[in-house]
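Undergrad: Please read through the structure below; I'll follow up with questions.
Just so you know, all these numbers are worked out from the coordinates, no wet-lab data involved. This is a predicted model, so every value here is computed, not measured. Backbone-built Cβ (ideal geometry, glycine too); neighbour counts: all protein chains shown.
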Amino acid sequence: MNNIKRSLVALLLSSTYAFSGGNATSVIEPIAPIMEPAAEPELSGFYAGIGYSCLQLGFDVPYLDMRAMTAASITAGYNFNDYIAVEGRYTASIGDITVKTIGSETDESMDMSNIGVYIKPQYSFDKFGTYALLGFGQVSLDNGISYSEAGIQYGAGFNLMATDNITLFVDLRRLYDDTGFDNIDAERDVMSSSYTLGVNYLF
């Protein structure tokens, strides 16, 4: 039995060598390490950000358009996974608001703001992504008297992963689209929108 074991060991050892001219030459070659592709970062957890926004509130005939071309946005949200998130956003005008009517344009001291909470379906491909926003919010206007309307809000946007933790985004939201706006007017069609360019940090 011992002779059989020794023969098997000798056979296994000899299989790793080649004999040429009485000299044994090793033919064992190093095995290259298997490199696995780096996993793409997954969206998960909390994020927060800031943005530059434009707010607009427009009335139909007779024409009246109020625009805050300089506004700031604060964003806070939570990514459940790569495909769904929840987000809250507050946007407020900075400085005067431009008021346009037919044949007239003035800058007036008033404030415009919006606060909303949204469900955020999203999809990413490589470093780019697209998303939608659907939720509920309130648009406010203060010209010495406060006016506000609340309702369904929606929007869409694009983002870019600048780093694993920093995302750049741009989006458009429809904040209000109905007849009348609080006590300003009960008959005219009214529409409010917001455009935002911003950056989010993923914690």
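Undergrad: Quick one: Karplus J couplings for the range 51-63, per residue in order, coefficients 6.51, -1.76, 1.60, θ = phi - 60°, nearest Hz, x for Gly and Pro?
TA: My calculation for the range 51-63 gives x, 9, 10, 10, 10, 9, 9, x, 10, 6, 3, x, 5 Hz in order.
Undergrad: Rounded to the nearest 0.05, what FRET efficiency do PHE46 and ASP107 have when you use their Cβ-Cβ distance and R0 = 41 Å?
TA: 0.60
Undergrad: Follow-up question, since we're still on this one. Using 0.36 nm per residue, how much length does the chain from ASP178 to ILE166 gain when fully extended, once their Cα-Cα distance is taken away?
TA: In short, 0.7 nm is gained.
Undergrad: Name the long-range amide H neighbours of MET110: under 5 Å, sequence gap of 5 or more, or other chain; modelled H, no Pro or chain starts.
TA: Amide H neighbours of MET110, under 5 Å, 5+ apart: ILE97.
Undergrad: What net charge is computed for the residues neighbouring LEU133, neighbours being all others with C-beta under 15 Å from the C-beta of LEU133, Lys and Arg scored +1, Asp and Glu -1?
TA: Taking every Cβ under 15 Å from that of LEU133, the sum is +1.
Undergrad: Residue by residue, what Karplus-based ³J(HN,Hα) values in Hz, rounded to whole numbers, does the range 66-73 have, using 6.51, -1.76 and 1.60 with θ = phi - 60° and x for Gly and Pro?
TA: 10, 10, 9, 6, 10, 9, 10, 10
Undergrad: Which ³J(HN,Hα) values in Hz, rounded to whole numbers, follow from the phi angles of the range 96-108 under the Karplus curve 6.51 cos²θ - 1.76 cosθ + 1.60, where θ = phi - 60° and Gly and Pro get x?
TA: 6, 10, 7, 10, 10, 10, 5, x, 8, 8, 9, 9, 10
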